[in-house]
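See structure below.
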Amino acid sequence: MFNGKDSVAGKSEEEIYNKLGMDFILPELRENTGEIEAAQEHRLPKIVNYKEVIGDLHAHTNDSDGVNSLEEMASAAEKRGLKYIAFTNHSKSLPVAHGLDEKRFAELNKKIDALNDKSGIKILKGVELEILKDGSLDLKKESLKELDFVAGAVHQNLNMSSKELTDRLVKAINSGMINTVAHPTDRIIGQREGLKLDFDKVMEACKKNDVLLEIDGYPERSDLPFDLVKKAKDYSIKFSLGSDSHRTEHLRFLDLATAIARRGWLEKKDVINTLGYKEVLKLRR
Ligand SMILES: [Zn+2]
Ligand SMILES: [Zn+2]
């Protein structure tokens, strides 16, 4: 940046922003969603750092439709430096994914307890729970109460009106039994658009019930998209991040979820994966 022939700023990008009376805008925030004004008014968020995300809250093992075993997934997650991981295998009404019923979840929970006693990484007993067509949940309450982390998800019977889909999701959120809504728009990039939900209604219900929204980092999902993340943040909703791993190589997708969180202006306090294992356990329903 020059004044006549004199250089006034430009050794670094930060210098130019400062010369213009603005705070430096990180590349992730350059989406024309109010960051210029925020930089001028010195109220840009201090967005969550990759290293602050210490746990993965969405992953599968070969107990449902994953490729690797519980032990293999836990050990790979530990090698990546994670402090905890939630295994959120599918529930029974998703037979294509070998969904588990109450009895199989009880058996898996025992295996997880035994592994937790001897492994360095902590494992949360989770479920990716089918939200059925009428908004009811796929496992009995007693079974859900045995779990540490419940991610409600819609995978089937998507051919409903926007109002029906919204009511279905809101009913599940109001049940008091789920921690987060997995991949909330249900889009698959290149295959299908996101569901036409009334997101104000969904977010109001999340806020009222202290239910999180998920950012699923699996590339074809990348769901919630960053613009809806920013909108949900304005509702003071908090978020869970997940890789949605189906094999050990997918664990790196957690970083992609963090990248979306950053684009959506999320700070450390907005993301529960920055909490320790014991604090996350306190969120159980
Ligand atoms: Zn899913
Ligand atoms: Zn999943």
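Could you pull out the residue among Ile112, Ile178 that is more than 14 Å from ligand 1 (Cβ to nearest atom) and open to solvent by less than 30 Å² (accessible area, probe 1.4 Å)? Step through it out loud before you land on a result.
On the way: Ile178 fails: more than 14 Å from ligand 1 (Cβ to nearest atom).
None of the other options fit; the residue is Ile112.
Entry remark, the stretch 10-32: residues being open to solvent by less than 80 Å² (accessible area, probe 1.4 Å), outside any helix (DSSP H, G or I) and out of contact with any strand residue (DSSP E or B) (no Cβ under 9 Å at 6 or more places or on another chain) number 7 in total.
Residues in the stretch 237-244: is at least one part of a helix (DSSP H, G or I), within 13 Å of ligand 2 (Cβ to nearest atom) and open to solvent by less than 40 Å² (accessible area, probe 1.4 Å)? Walk me through it before giving the result.
Of the stretch 237-244, the ones part of a helix (DSSP H, G or I) are none.
No, every residue in the stretch 237-244 fails to be part of a helix (DSSP H, G or I), within 13 Å of ligand 2 (Cβ to nearest atom) and open to solvent by less than 40 Å² (accessible area, probe 1.4 Å).
Being among the small types (Gly, Ala, Ser), at positive phi and within 15 Å of ligand 1 (Cβ to nearest atom) is true for just one of Ser222, Ser236. Which residue is that?
Details: Ser236 fails: within 15 Å of ligand 1 (Cβ to nearest atom).
Every option except Ser222 fails the conditions.
Which members of the stretch 245-272 meet the condition of being assigned to a strand (DSSP E or B) and either in contact with a Gly (Cβ under 8 Å, 6 or more places away or on another chain) or crowded, with 19+ Cβ neighbours inside 10 Å (or both)? Once the filter is applied, which keeps residues that are assigned to a strand (DSSP E or B) and either in contact with a Gly (Cβ under 8 Å, 6 or more places away or on another chain) or crowded, with 19+ Cβ neighbours inside 10 Å (or both), the stretch 245-272 yields Ser245, Val271. Restricted to the stretch 35-76, and to residues there that are among the acidic types (Asp, Glu) and within 16 Å of ligand 1 (Cβ to nearest atom), the residue that is farthest from Lys111 (Cα to Cα) is Asp56.
Given the condition touching a residue at least 24 places away in the same chain (Cβ under 8 Å), closer than 22 Å to Arg285 by Cβ, assigned to a loop (DSSP other than H, G, I, E, B) and of a type in the set (S, T, N, Q), answer yes or no: does some residue in the stretch 174-191 qualify? There is at least one residue in the stretch 174-191 that is touching a residue at least 24 places away in the same chain (Cβ under 8 Å), closer than 22 Å to Arg285 by Cβ, assigned to a loop (DSSP other than H, G, I, E, B) and of a type in the set (S, T, N, Q). Residues considered: Asp138, Asp148. Of these, the only one that is open to solvent by less than 20 Å² (accessible area, probe 1.4 Å) and within 19 Å of the chain's Cα centre (by Cα) is Asp148.
The values are calculated or read from the model by the stated rules, or taken from the named source; none is laboratory data. Please read all numbers here as calculations on a predicted model, not as lab measurements. Using ideal geometry, Cβ is built from the backbone for each residue, glycine included, and neighbour counts are taken over all protein chains shown. Accessible surface areas use protein heavy atoms only, side chains included; no ligands, DNA or RNA. Shrake-Rupley method; radii C 1.70, N 1.55, O 1.52, S 1.80 Å.
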